[in-house]
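What follows is a single structure, written as structure tokens, with notes after it.
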Amino acid sequence: MASRISDLLSLGLADFIMETQERSMVEDMIAKACSVMDEHEVEKVNRICMPLLLNGDLDQPGLRERRRTTLASGLRQDLEDVHFFHLEGIINFRIRPYKQELQELVEYALDEFWMDRQYEEFMGLLKYFVFFQEAKVPLVHLVHKGMHEFQVLDAGLNLLPVQKDEQVVVEMPGLELEMDIEDMIVSTLISISPEKVMLHTRTPDLPIISTICQIFEDKVQICHHCPECEVLRSGLLTGLDASDLGNYNNC
């Protein structure tokens, strides 16, 4: 009976701490870890971290419940060891495994923040390069077959190869960089360097479509449902020319 009471009391205290103290503990950890960052950056880290406290995701279901169990286990030991229960002292000094799990959440959020920052900087560099890059061809048709699958055609509707290598050489006056680009279609378009990209897609909200539009900006024109889209997506390109499929420049 006493053991059951201790279990219930420790779980109740764990829930109380997680509901009333956990957020402020994590905010303090973030403030300490981000002491050299500006307020805007610290807020970004907070926005990444706080949902993890509620959802306990991290691609590992049940982390919040595991954290509750860790906390309750430490509290139960304290209930057995001490006669006077000082909550603040226990939070500060006697639940280290629980606080270590919170610290891991903060470290995860920081990793996500820096990855987002690197991505934003990389996207900015690509946009800068594409803006100043000299056009090599006037037009390409980019046919979205689904997910990350594309076909690239020139203005005469001839299939162009999609670059297999994820590396692309970026050349600007006084600068040459070799970049690793995860999406092969992006590296292909950068290598082709079109003045205009006619993008045929039925799913303009997909991240890869947003990425292409973000990098190539006003060079991209999205065609949603032009008469030729179905033929282009079908892949039935053998023997067809521009006169067979209509005036693509007016899609």
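The values are calculated or read from the model by the stated rules, or taken from the named source; none is laboratory data. Given the structure is predicted, the values throughout are model-derived calculations rather than measurements. Virtual Cβ from ideal backbone geometry, glycine too; neighbours counted across all protein chains shown. Only protein heavy atoms, including side chains, enter the accessible area calculation; ligands, DNA and RNA are left aside. Shrake-Rupley method; radii C 1.70, N 1.55, O 1.52, S 1.80 Å.
Here are a few things to note about the model shown:
- Amide hydrogen proximity for residue 155: with H placed 1.01 Å from N in the peptide plane, the residues at 5 or more positions away or on another chain lying under 5 Å are 139.
- Counting only protein chain heavy atoms and rolling a 1.4 Å probe, the accessible areas of 184, 18 rank, largest first, as 184, 18.
- Here the extension length gained between residue 222 and residue 158 equals 21.1 nm, from 0.36 nm per residue of separation less the Cα-Cα distance.
- Computed on protein heavy atoms with a 1.4 Å probe, the accessible areas place 132, 113 in the order 132, 113, largest first.
- Sorting 144, 40 by accessible area puts them as 40, 144; the probe is 1.4 Å, largest comes first, and only protein heavy atoms count.
- Between residue 33 and residue 145, the contour length at 0.36 nm per residue exceeds the Cα-Cα span by 35.9 nm.
- Solvent-accessible surface (1.4 angstrom probe) belonging to residue 28, in square angstrom, nearest 10: 100
- Label-to-label distance, residue 23 versus residue 133, with points set 7 angstrom from Cα along the beta-carbon direction: 4.5 nm.
- Label-to-label distance, nm, for residues given as residue 193 and residue 73 (7 Å Cα→Cβ offset): 6.1
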